[in-house]
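Q: Before we start, here is the structure in question, set down as structure tokens.
Quick note: the coordinates plus some simple rules give every number you see, no bench work behind them. A quick note: this is a predicted structure, and the numbers were derived from the prediction, not measured. Positions of Cβ are generated from backbone atoms using ideal geometry, with glycine treated the same way; all protein chains shown enter the neighbour counts.
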Amino acid sequence: MNTSSSRRTLTTPQRKNPPMCQHQPLCPTSDSADREAARLVAHHPEQGWSLLCNGVLLFEDTGELLPDGQIIAPHRPRETGQVMTAA
């Protein structure tokens, strides 16, 4: 009886998609700090998301999903000038 597995897992190289940005000057890449400055490709406010030219999905709560699957947690700025205290 042969106990070796007949299954083999084949790995394929990761596909490189062409950049979505076709205009000049080029938009910031998805891994740069200013990635949110890229141009809008699709905007769906009724669903709460937008697709940027660099492949970043930007959500209305300021969270992001990068093209490589990395999740960026929401990062709303804190407005300290409008803090109210209860009497």
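Q: For R76 and Q22 in the same chain, what is the full-extension length gain: residue separation times 0.36 nm, less their Cα-Cα distance, in nm?
A: Details: separation 54, 0.36 × 54 = 19.44 nm, distance 2.99 nm.
Once the chain is fully extended between R76 and Q22, it gains 16.5 nm.
Q: Tell me, in nm to one decimal, what length is gained between T29 and H44 on full extension, where the rule is 0.36 nm per residue of separation less the Cα-Cα distance? The partial results should precede the final answer.
A: Numbers: separation 15, 0.36 × 15 = 5.40 nm, distance 2.16 nm.
Here the segment from T29 to H44 would lengthen by 3.2 nm.
Q: Counting other Cβ atoms within 10 Å, which GluC sites (Glu not before Pro) in the stretch 37-75 have at most 13 and lie in a DSSP loop? Walk me through the intermediate numbers first.
A: Values: sites: E46, E60, E64; in loops: E46, E60.
Listed in order of number, the matching sites are E46, E60.
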